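*Asks:* To start, I am sharing the structure in question, which I have written as structure tokens.
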Amino acid sequence: MHVSDKILMGVVTGLLGVLSLAVTPSVQAQDGRTIRCESINGRFNRCAVPWRDAQLTRQESKGACIRDQSWGMDRQGLWVDRGCRGLFAEAWRGRPGYGGPDGDGWRPGPDWDRQIRLQCDSNKKHYQLCQVDVGRRGEVRLVKQLSDTRCTEGYSWGWNRAGVWVDRGCRGQFVVDRRW
């Protein structure tokens, strides 16, 4: 092989490496327990995960990864936004002495499972979390949009166990079906 052929092969190999980085998918299973999810060009992205809840195990972006602001979980899975990129893993919210993932341990009282109505407003198009414990098996639904700005689940409103969040000018009335 001539020197010019070796140089050409080196250039081609380098270009292929750069191109492979450019077309890397936004979700990659790292070791079966973690998933990389990224907001490309600062845009909202959803990543399918096999868990009910996630935790950020390593931030890989310069932009901040803040739960319920630039990443979070909802019924459709893990989502990232605003340039957040990182490795995520299943979150287990148990505490020592409170049982494990099988549900053993502490349980709320009999009046805990109930329906809660609340209004949550994104004033001046800013993110807002309206705290209410939804529970492990709870659900939230928008019952009345109050803003001129469209409220779209997963984009301008969503929920997790900690409560309902709104953003981008969404204002609405929500029903929380709190279930343990």
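The values are calculated or read from the model by the stated rules, or taken from the named source; none is laboratory data. Given the structure is predicted, the values throughout are model-derived calculations rather than measurements. Please note: Cβ atoms are built from the backbone with ideal geometry, for glycine as well, and neighbour counts cover all protein chains shown.
*Asks:* Among the residues of segment 31-64, count how many are of a type in the set (A, V, I, L, M, F, W, C) and either over 25 Å from Gln128 (Cβ atoms) or at pLDDT below 90 (or both).
*Replies:* 6
*Asks:* Suppose we keep only residues that are farther than 19 Å from Gln69 by Cβ and out of contact with any strand residue (DSSP E or B) (no Cβ under 7 Å at 6 or more places or on another chain) within segment 134-149. Which one would you say is surrounded by the fewest Cβ atoms within 10 Å (Cβ to Cβ)?
*Replies:* Among those residues, the one meeting the criterion is Asp148.
*Asks:* Is segment 101-116 home to any residue that is at pLDDT 90 or above and under 16 Å from Gln173 (Cβ atoms)?
*Replies:* yes
*Asks:* Next question. Mind checking which residues of segment 150-180 are surrounded by 17 or more Cβ atoms within 10 Å (Cβ to Cβ), modelled with pLDDT of 90 or more and more than 17 Å from the chain's Cα centre (by Cα)?
*Replies:* The answer is Cys151, Gly169, Cys170, Arg171, Gly172, Phe174, Val176.
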